[in-house]
Amino acid sequence: MMFLSRLFIAIPMIVFGLFHFMNANGMAGVVPSFIPGGVFWVYFTGAALVLSGVAILAQVKAHTACLGLAVMIGIFILTIHLPAYLAGDAMALMSLLKDLAIVGGVLGLSVLFQDAE
């Protein structure tokens, strides 16, 4: 069961991270305007998603990777999805809820790796 939990979190994170590299310029517009760097942050978060997914699969620094993912995705919720939803983008609620579920999943998974580091 633990293998499936790791797989079901890690594979989407790796794929999401690869999407950041494949469409960096298109995603740069999502970076909040008050954060300088635009496309840099798309590449940075893409790398963080891929590396955390690999860490979870390999069970190397997986606890840290899960906590880092929870923080990063929590920041996405607060700086991207919630403001978009409050500005009237009803579709942003789906992204907000998806990301909230991912945060819950990685926090739950982090407990399994807590003693391993």
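The values are calculated or read from the model by the stated rules, or taken from the named source; none is laboratory data. Keep in mind that what you see is a predicted model, and the values were worked out from it rather than measured. Because the Cβ atoms are built from the backbone with ideal geometry, glycine has one as well, and the counts that use them run over all protein chains shown. The area values use the complete protein model at the heavy-atom level, side chains included, leaving out ligands, DNA and RNA. Shrake-Rupley method; radii C 1.70, N 1.55, O 1.52, S 1.80 Å.
Things worth noting here:
- Set side by side, the residues 32, 83 differ, and just one is of a type outside the set (Phe, Trp, Tyr), in a loop (DSSP other than H, G, I, E, B) and either out of contact with any Cys (no Cβ under 9 Å at 6 or more places or on another chain) or over 16 Å from residue 99 (Cβ atoms) (or both), which is 32.
- Residue that is nearest to the chain's Cα centre (by Cα) [pool: residues in segment 20-78 that are of a type in the set (Phe, Trp, Tyr) and at pLDDT 95 or above]: 76
- Scanning segment 1-13 for residues that are in contact (Cβ under 8 Å) with a residue 40 or more places away in the chain and more than 16 Å from residue 102 (Cβ to Cβ) turns up just one, 2.
- Taken as a whole, segment 45-61 holds no residue that is closer than 18 Å to residue 99 by Cβ, open to solvent by 70 Å² or more (accessible area, probe 1.4 Å) and assigned to a helix (DSSP H, G or I).
- Restricted to segment 19-31, and to residues there that are under 20 Å from residue 68 (Cα atoms) and of a type in the set (A, V, I, L, M, F, W, C), the residue that is least open to solvent (accessible area, probe 1.4 Å) is 31.
- When 34, 16 are checked against the criterion of being within 21 Å of residue 84 (Cα to Cα), open to solvent by 60 Å² or more (accessible area, probe 1.4 Å) and either touching a residue at least 24 places away in the same chain (Cβ under 8 Å) or touching a Gly at 6+ places or on another chain (Cβ under 7 Å) (or both), a single residue qualifies: 16.
- Pairs, first under 16 Å from residue 50 (Cα atoms) in segment 60-87, second of a type in the set (Phe, Trp, Tyr), C-beta under 9 Å, six or more apart: 61/113; 62/113; 63/113; 64/113; 65/113; 66/113
- Residue check, residue 82 open to solvent by less than 70 Å² (accessible area, probe 1.4 Å) and more than 15 Å from the chain's Cα centre (by Cα): yes
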